[in-house]
Structures are given as C-alpha cells and as structure tokens.
Amino acid sequence: MLERELETARDLAFKASVMILGHYANEIVAEEKLGADNKYEPVTAADRAASRLIVDGLKDAFPDDAILSEEEIGEGLEWTRAARTWIIDPIDGTAGFIKHEDDFAIQIGLVERGKPVVGVVHLPAFGTTYEAALGQGAFAVKDGVRTRLAVQEVSEPREMRIALSRNHFKPRMNVLLDHFHFASHIYRGSVGLKMGLIAAGECDVYIHLSDRTRLWDTCSPQIILEEAGGVLTDVFGDPLVYDTPELSNLNGIAACGLKGHSKVIEGLRPFLESHGRKRK
C-alpha cells in the first residue's frame, strides 16, 4: 500500500529539483505575496513553476484526490472535504533560497482523513531525500543508497540538541533556550530539513512558537518523523489538523522523539503560561 503514491511524490520532487536548481544557478528575483495569514512573504518564479509541475503531475496520477499547494490554494476548500489530499510546499525555505543558502526543500505530502500518510522532503542542494509511508518506516536516500531513519531517544531536555530557524529566529527563543538549557543548538533553514535531522538522529527537538508555519510546512515532515519514531504536535501537545480551512498551525509546533516529547511539552507549559500564551 502507498508504494505508488510514494514513488510518484519522489519522482515529481526530483523533476522539480532539476528545474529549481536551474533557477538557483542564476540571480533570483524575489517578489512579495500576501500569504495565508495576510502577511507579506517572499515568492519567486521557481516557487510557482515547481508548484505547477508538481500539481499537474499529481492530477495526472491521482485525478480523484484533492490538492493543496502553497502557491495554488484556490477558493473551494476541497482539502477540508476530500478523503485524500496532497499538500505541497514547492520550496520550503524560500528566504534562504533567495539568499543562495542551501537549506531549502521540496515537500510533498499525502493526507488521508486528515492525517499524513506519505511524505517526501527533497533537498535539491544536498541531493538528499527524506521519505516515508505509513507503516513502512522512514528513510534517507542519497546517491542511490536508502538508509532507514530512527530518532535518538533522549528523554531529558537538558541532553537534547535543538534545531533553530536560521532566517526566522525571534528574540523570545533566547528566553526559551534559557528556560530549557538544551545541550546545544544549530541554525538551519526549512521546517522539513530540521525535522529530517531529528528523524535521522542528528538533532533531537524543534520548537516553533509562532503561528507562522502552515499545513504545507508540516504535512510531509510529520509522517517522516513519526515513521522514524518521533512525534509532532502543537506546543500544547495537541495533534495537528490537516482537513481544516485554517491553513496556519495557530498553536505552533513541537517536534521530538517519542521518549522525550512529553517532557518537552511539560517544560513548555510554565513558559507559555508566563508569556500569557493560550490555545487559539
């Protein structure tokens, strides 16, 4: 089950990668678009072209499925009613892409009844792919070699390595770092890349406090992380929802290995309360 879906997503990600790297080799012209949260954010011709390639490919392969792409949201809310929906971020980490930083990803995920079941996160600049299908494990693929992914089971936050956003780091994250006293931290771009590092055991936790991540940021990384033994929820420990008209993860996200996730959520509780943060 889901082999054809995973293979199709992988192939489309590779095709989009070739096109995106063509843009990446040249000067990148950025525009401003009004995002799903009515805030302006950058977009490029590569984002739009990659979206069209992937959307067309999925429509051809799975004509009965709904499709939600960051660059082609539409107005019909089909993803809220469909049994299956493909959720796409043609370039996750556009800010870094524009600056010719290599931490950007193509993300293609499939949701069934509101839950991710297939995910591909391809990193064009590194030639690495993280991928997973429900019940089949998570894998990293590079140079034709497919390696099973597994999180490092770390239970204590003080022993965890945290991944932080390279281009969207907020000052309050320094307060969070002081609150938890994590063992170490790294700055990387792309939500999918950071969660891939957790799935690969190269990092242990990723926390995004704001409501600026969207369904297409977390869909494909979530199934990869889960199949590697990890957990992704909002910062209150509640599940993320994908068959909703709300495109933003309003209550932030917290990704970690299964063994340490409850302690991360427990540790977040007093921090959120002290900052007046409540569920939205």
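Laboratory data are not the source of any read-out in this text; all were calculated from the coordinates shown. The shown structure was predicted, so the numbers you read here are calculated from the model rather than taken from an experiment. Neighbour counts are summed over all protein chains in view; Cβ atoms, including those assigned to glycine, are modelled from backbone coordinates with ideal geometry.
Summary value for the stretch 149-206: 54 percent relative contact order, contacts being C-alpha pairs under 8 angstrom separated by 6+ residues. Once you have a ≥ b ≥ c as the square roots of the Cα gyration tensor eigenvalues for the stretch 111-232, tell me rounded if a/c is under 1.5, and otherwise prolate or oblate according to whether a/b is larger than b/c. Since a/c reaches 1.5 and a/b is larger than b/c, the shape of the stretch 111-232 is classed as prolate.
With both bridge residues required to lie in the chain, what share of the DSSP beta bridges run antiparallel, to the nearest 5%? Rounded to the nearest five, the antiparallel share is 80 percent. Placing dummy labels 7 Å off each Cα toward the beta-carbon, the span from Arg279 to Arg4 is 3.9 nm. Starting from the stretch 100-184, pick out the trypsin sites (Lys or Arg not before Pro) whose DSSP state is loop and whose Cβ has at most 15 other Cβ atoms within 10 Å. Of the trypsin sites (Lys or Arg not before Pro), the ones in loops of the stretch 100-184 whose Cβ has at most 15 other Cβ atoms within 10 Å are Arg113. Cross-link partners for Lys259 among the aspartates and glutamates, with Cα-Cα distance under 19 Å and sequence neighbours closer than 8 places in the same chain left out: Glu153, Glu156, Glu159, Glu202, Asp204, Glu226, Glu227, Asp234, Asp238. With both labels modelled 7 Å from their Cα along Cα-to-Cβ, the Asp211 to Ala45 distance reads 3.6 nm.
Can you tell me the order of 105-111, 258-264 when each peptide is scored by its average per-residue count of other Cβ atoms within 10 angstrom, highest first?
Top to bottom by mean Cβ count within 10 Å: 105-111, 258-264.
Taking a virtual spin label 7 Å from the Cα of Val175 along the C-beta vector, which residues in the stretch 196-229 bring their backbone nitrogen under 16 Å of it? Output list for this probe position: 208-211. Mean separation of Cα pairs under 8 Å and 6 or more residues apart, divided by the residue count, gives the chain a relative contact order of 17 percent.
Each of Ile91, Ile186, Ile265 was scored by other Cβ atoms within 10 Å of its Cβ. Listed from fewest to most, they are Ile186, Ile265, Ile91. Between their Cα atoms, which of Lys115/Lys263; Lys59/Lys142; Lys142/Lys278; Lys15/Lys99; Lys39/Lys194 are more than 31 Å away from each other? Table pairs above 31 Å Cα-Cα are Lys142/Lys278.
Ordering 118-130, 41-53 by mean Cβ neighbour count within 10 Å, with the highest value first, yields 118-130, 41-53. By definition, a body whose alpha carbon gyration tensor gives a ≥ b ≥ c is rounded when a/c is under 1.5, and the chain falls into this rounded group.
Calculated FRET efficiency, Ala25 to Phe62, Cβ-Cβ distance, R0 = 35 Å: about 0.65 to the nearest 0.05.
Anisotropy class assigned to the stretch 3-150 is oblate, per the alpha carbon gyration tensor with a/c at or over the 1.5 cut-off and a/b no larger than b/c. Going by neighbour counts of Cβ atoms within 10 Å, the residues Val151, Val141 line up, fewest first, as Val141, Val151. In the chain, the sites counted are GluC sites (Glu not before Pro) in DSSP loop states with at most 11 other Cβ atoms within 10 Å, and the longest stretch holding none of them, exclusive of the sites, is 76-280.
With the simple spin-label model, which puts each label point 7 Å out from Cα in the Cβ direction, the Val241 to Val145 separation comes to 4.4 nm. Each of Cys256, Cys203 was scored by other Cβ atoms within 10 Å of its Cβ. Arranged with the fewest first, they read Cys203, Cys256.
Taking chymotrypsin sites (Phe, Trp or Tyr not before Pro) across the stretch 204-243, the ones in a DSSP loop with at most 16 further Cβ atoms lying within 10 angstrom of their Cβ are Phe236.
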